[in-house]
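As C-alpha cells, the structure follows; a few thoughts come after it.
Any read-out appearing in this document is the output of simple, stated calculations on the displayed coordinates, not a laboratory observation. What you see is a predicted model; the values in this text were computed from it and never measured. Here the Cβ positions follow ideal geometry from the backbone for every residue, glycine too, while neighbour counts run over all protein chains shown.
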C-alpha cells in the first residue's frame, strides 16, 4: 500500500511539473507573438543596423542564393531565414519569404 501511494505521488508531481512547463511555454509563446507584432509594426522604419540586430536577437541564420537560383521542387528561392528562439523551445522555425518580406528587412 505504501509503495502504491509513493508511485501515485510521484505521478502527481510529474503531472504538476508538466503542467507548469506548459504554462511557461504558453506565456513565452504569447510574449513572443506580442514582440513580433510590435516589431513588425515598426520594421519598415528600421535602419539596416537595427534590422541586423533584430535578426541576431532571434538567432537568425540567413541563407541567400543567386537571383536565378531554383529550388529542387522547381520554384524560385532567393533566401531562407531560420530562427532559433533562445529559451523558447530551441526548435528552429523557418519563415516563409512572404512573412520575412512583410516584417523584416527586404
Ranked from fewest to most other Cβ atoms within 10 Å of their own Cβ, 15, 58 fall in the order 15, 58
Between residue 52 and residue 20, the FRET efficiency computed from the C-beta separation at R0 = 25 Å comes out, to the nearest 0.05, as 0.10
